[in-house]
Amino acid sequence: MTRIIIPVVRSGDKLLVSPHFGRTPEFALVEITGDSYRIIEVTRNPFMEHEHGRGQAVIQFVYSRGADAIIVGGIGPRAVAALKSIGVRVYAVPREGIELDEAIKLFMKGMLTEVSGEEYPRHHEKHSYY
């Protein structure tokens with residue numbers, strides 16, 4: 001079994017992978033077993049409004065949920081390093097606007113790129129679905 005956390009944003013009745021890690025409105029916790037998955041919960045980001053210490057608080061939140069991996073639409077290099085230091089692998093979606101289910105299926109097929117942080121500076125870009 002693998003547990004992944006995905007920062008998500010609502011767009012109508014859809015959940016999309018959020019372009020932001022720490023400032024995402026919500027997180028989806030997903031459990032993958034074999035070739036199936038289930039969404040355990042979608043929960044509000046309790047640290048979204050925090051300015052000081054948000055990054056570390058969100059990383060602790062990910063750790064507290066027992067995540068093995070995180071799928072992101074954008075993340076900074078320090079957050080990647082911090083997640084990797086606690087054993088959480090970080091994977092990037094290939095484009096903006098990917099729905100939650102599609103991101104999970106891409107992960108399960110091994111089609112997402114694991115990132116180190118330096119090559120993934122998209123966390124400061126503006127996004128069209130906000």
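Go through (1) at pLDDT 95 or above; (2) closer than 12 Å to Val8 by Cα; (3) among the aromatic types (Phe, Trp, Tyr) for Tyr130 and report which single condition fails.
Condition not satisfied by Tyr130: (1).
Hey, among Val42, Val17, Val30, which residue is surrounded by 15 or more Cβ atoms within 10 Å (Cβ to Cβ), modelled with pLDDT of 95 or more and more than 17 Å from Val93 (Cα to Cα)?
On the way: Val17 fails: more than 17 Å from Val93 (Cα to Cα); Val30 fails: more than 17 Å from Val93 (Cα to Cα).
Among Val42, Val17, Val30, only Val42 is surrounded by 15 or more Cβ atoms within 10 Å (Cβ to Cβ), modelled with pLDDT of 95 or more and more than 17 Å from Val93 (Cα to Cα).
Only one of these is under 19 Å from Met111 (Cβ atoms) and among the hydrophobic types (A, V, I, L, M, F, W, C): Ile6, Ile40. Name it. Give the steps one after another, and end with the answer.
Values: Ile40 fails: under 19 Å from Met111 (Cβ atoms).
Sole residue among the options that is under 19 Å from Met111 (Cβ atoms) and among the hydrophobic types (A, V, I, L, M, F, W, C): Ile6.
Please go through the range 32-85 and pick out each residue that is in contact with a Leu (Cβ under 6 Å, 6 or more places away or on another chain), without any contact (Cβ under 8 Å) to a residue 60 or more places away in the chain and of a type outside the set (A, V, I, L, M, F, W, C).
Glu41
Kindly provide the set of residues from the range 76-96 that are at pLDDT 90 or above and outside any helix (DSSP H, G or I), ordered by number.
Ile86, Gly87, Val88, Arg89, Val90, Tyr91, Ala92, Val93, Pro94, Arg95, Glu96
Would you call Thr113 touching a Ser or Thr at 6+ places or on another chain (Cβ under 6 Å) and modelled with pLDDT under 95? Steps first, please.
Numbers: touching a Ser or Thr at 6+ places or on another chain (Cβ under 6 Å): no; modelled with pLDDT under 95: yes.
Judged against the criteria, Thr113 is not a match.
Among the residues of the range 66-79, write down those that are surrounded by 13 or more Cβ atoms within 10 Å (Cβ to Cβ) and within 21 Å of Glu26 (Cβ to Cβ). Walk me through it before giving the result.
First pass over the range 66-79, keeping only residues surrounded by 13 or more Cβ atoms within 10 Å (Cβ to Cβ): 67-77, 79.
Hits for the range 66-79 are Ala67, Asp68, Ala69, Ile70, Ile71, Val72, Gly73, Gly74, Ile75, Gly76, Ala79.
Out of the residues in the range 1-30 meeting the condition of being touching a Pro at 6+ places or on another chain (Cβ under 8 Å) and among the polar types (S, T, N, Q), tell me which one is nearest to Val72 (Cα to Cα).
Ser18
All but one of (1) modelled with pLDDT of 95 or more; (2) within 13 Å of the chain's Cα centre (by Cα) hold for Tyr63, so report the exception by its number.
Status for Tyr63: all satisfied but (1).
Residues in the range 24-31: is at least one assigned to a loop (DSSP other than H, G, I, E, B), under 20 Å from Lys105 (Cα atoms) and touching a Leu at 6+ places or on another chain (Cβ under 8 Å)?
Residues of the range 24-31 that are assigned to a loop (DSSP other than H, G, I, E, B), as a first pass: 24-25.
Restricting the remaining residues to those that are under 20 Å from Lys105 (Cα atoms) gives none.
Within the range 24-31, not a single residue is assigned to a loop (DSSP other than H, G, I, E, B), under 20 Å from Lys105 (Cα atoms) and touching a Leu at 6+ places or on another chain (Cβ under 8 Å).
Could you say whether any residue in the range 43-61 is within 16 Å of Ala103 (Cβ to Cβ) and assigned to a strand (DSSP E or B)? Don't jump to the end; show me each part of the working.
Pass one, the range 43-61, residues within 16 Å of Ala103 (Cβ to Cβ): none.
Checking the range 43-61: not a single residue is within 16 Å of Ala103 (Cβ to Cβ) and assigned to a strand (DSSP E or B).
With the requirement that a residue be among the basic types (Lys, Arg) and either closer than 18 Å to Phe27 by Cβ or within 12 Å of the chain's Cα centre (by Cα) (or both), what does the range 80-119 give you?
Scanning the range 80-119 gives a single hit, Arg89.
The values are calculated or read from the model by the stated rules, or taken from the named source; none is laboratory data. What you see is a predicted model, and the numbers here were worked out from it, not measured in a lab. We place every Cβ from the backbone using ideal geometry, glycine too, and count neighbours over all the protein chains shown.
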